[in-house]
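Novice: What follows is a structure written as structure tokens; I'll ask about it next.
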Amino acid sequence: MPELSINSQICTRCGMCVTACPIGIVRLADGEYPTYVAEGASRCILCGHCYAACPTGALVVSDERLDPNIQPLCEADDARIEPEKLGAYLRMRRSIRSYREEPVERPVIEHLMDIVRYAPSSSNSQAVRWLVIYDTGEVRRLTGFAVDWMRSMVSSKSPLTSYFSFEDIIRAWDNGDDPICRMAPHLVVAYAHRDAVAAKTDAIIALSHLDIAAPAFGLGTCWAGFFQMAAAQWEPLRVGLNLPPEHLSIYAMMLGYPLFHYLRPPKRKPVDITWRT
């Protein structure tokens with residue numbers, strides 16, 4: 001169960017932790033230091049807002065579920081990005097469909113995923129788990145199951161064949177190409193327990209963080225939609241993923257070093273905003 005520790009030597013009793021707590025379980029009585037309300041510890045979602053908002057760092061939340069490794073401290077000013085720089089960075093983000101053959105070093109992926117774990121989740125449940133299919137040969141093997149699923153869709157005359165060119169994809173695969181995972185060296189799969197109600201949304205949010213953060217490491221990504229469609233419907237691929245019992249894949253993302261770099265952002269449609277005042 002979470003524990004709230006206060007360094008009385010630096011706590012100013014400003015009440016910022018009380019204000020920051022999203023579920024109102026931190027109290028500050030007159031003449032006392034911050035503490036949980038009655039049964040507040042059992043309701044704590046370990047979001048860390050109280051700790052993050054404390055001006056002096058006097059407050060710490062401890063729990064066996066939290067990573068025991070001490071995170072490097074950073075000042076709020078150091079984490080700010082000028083809007084112009086952030087805008088330029090995001091506009092240059094592209095879906096990468098051509099990759100170099102060389103693998104990404106595992107410490108690089110670990111560093112990237114360490115950032116991704118800070119993505120928001122419903123009630124800070126952090127229910128999303130990750131499967132990194134690092135071996136490129138295994139990526140190709142599993143992609144073959146996705147192709148088999150497409151063959152079944154074609155043979156059964158599934159309505160999906162009216163929307164997707166499965167026959168062209170199958171033909172390209174048989175000729176040695178990979179239109180599904182684009183010859184990416186790695187595949188990252190977000191998954192969660194089937195009973196995690198908000199996990200689908202949480203996984204998409206987390207994958208979006210991965211998608212945005214990857215270019216800072218010189219990496220490229222692309223949402224593996226066809227792979228996920230197959231994973232959701234084709235038993236051989238589900239078995240091949242070998243996820244823990246009662247867990248389901250939510251979405252997959254290609255990962256690797258881009259074969260080439262884009263030099264300028266493309267044009268986009270004007271933003272469509274409805275203002276209600």
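The values are calculated or read from the model by the stated rules, or taken from the named source; none is laboratory data. Given the structure is predicted, the values throughout are model-derived calculations rather than measurements. Every residue, glycine as well, gets a Cβ built from its backbone with ideal geometry; the counts of neighbours run over all protein chains shown.
Novice: Just to be sure before I move on: is residue 228 under 30 Å from residue 153 (Cα atoms), over 22 Å from the mean Cα position of the chain (by Cα) and not aliphatic (A, V, I, L, M) in the structure I sent?
Specialist: Here the answer is no, as residue 228 does not meet what is asked.
Novice: A further question follows. Does the range 146-165 hold any residues that are under 29 Å from residue 206 (Cβ atoms) and out of contact with any Phe, Trp or Tyr (no Cβ under 6 Å at 6 or more places or on another chain), and which are they?
Specialist: Passing the criteria: 148, 160, 163, 164.
Novice: Next up: Regarding the range 65-74, can at least one residue be identified that is charged (D, E, K, R), in a helix (DSSP H, G or I) and surrounded by fewer than 15 Cβ atoms within 10 Å (Cβ to Cβ)?
Specialist: no
Novice: Hey, another quick one. Kindly state which helices (runs of 4 or more DSSP H) lie completely within the range 134-229 and contain at least 3 residues that are free of Cβ contacts under 8 Å to residues at least 12 places away in the same chain.
Specialist: 136-155, 166-174
Novice: Here's another thing I want to ask about it. Which one is farthest from residue 11 (Cα to Cα), of the residues in the range 23-41 that are assigned to a strand (DSSP E or B) and of a type in the set (Ser, Thr, Tyr)?
Specialist: 36
Novice: Can you pull out every residue in the range 107-140 that is within 30 Å of residue 172 (Cβ to Cβ) and not aliphatic (A, V, I, L, M)?
Specialist: Of everything in the range 107-140, those that are within 30 Å of residue 172 (Cβ to Cβ) and not aliphatic (A, V, I, L, M) turn out to be 130, 134, 135, 136, 137, 138, 140.
Novice: Another question, then. Does the range 27-47 contain at least one residue that is outside the structural domain of residue 111 (by TED's automatic domain parsing), farther than 25 Å from residue 115 by Cβ, touching a residue at least 40 places away in the same chain (Cβ under 8 Å) and surrounded by fewer than 17 Cβ atoms within 10 Å (Cβ to Cβ)?
Specialist: Scanning the range 27-47, I find at least one residue that is outside the structural domain of residue 111 (by TED's automatic domain parsing), farther than 25 Å from residue 115 by Cβ, touching a residue at least 40 places away in the same chain (Cβ under 8 Å) and surrounded by fewer than 17 Cβ atoms within 10 Å (Cβ to Cβ), so the answer is yes.
Novice: Looking only at the range 42-64, which residues are hydrophobic (A, V, I, L, M, F, W, C) and not in a loop (DSSP other than H, G, I, E, B)?
Specialist: Listed by number, the residues that qualify are 50, 52, 53, 59, 60, 61.
Novice: Okay, next question. Which one of these is more than 30 Å from residue 168 (Cα to Cα), of a type in the set (Phe, Trp, Tyr) and either surrounded by fewer than 21 Cβ atoms within 10 Å (Cβ to Cβ) or not assigned by TED's automatic domain parsing to the domain that holds residue 243 (or both): 226, 217?
Specialist: The unique qualifying residue is 217.
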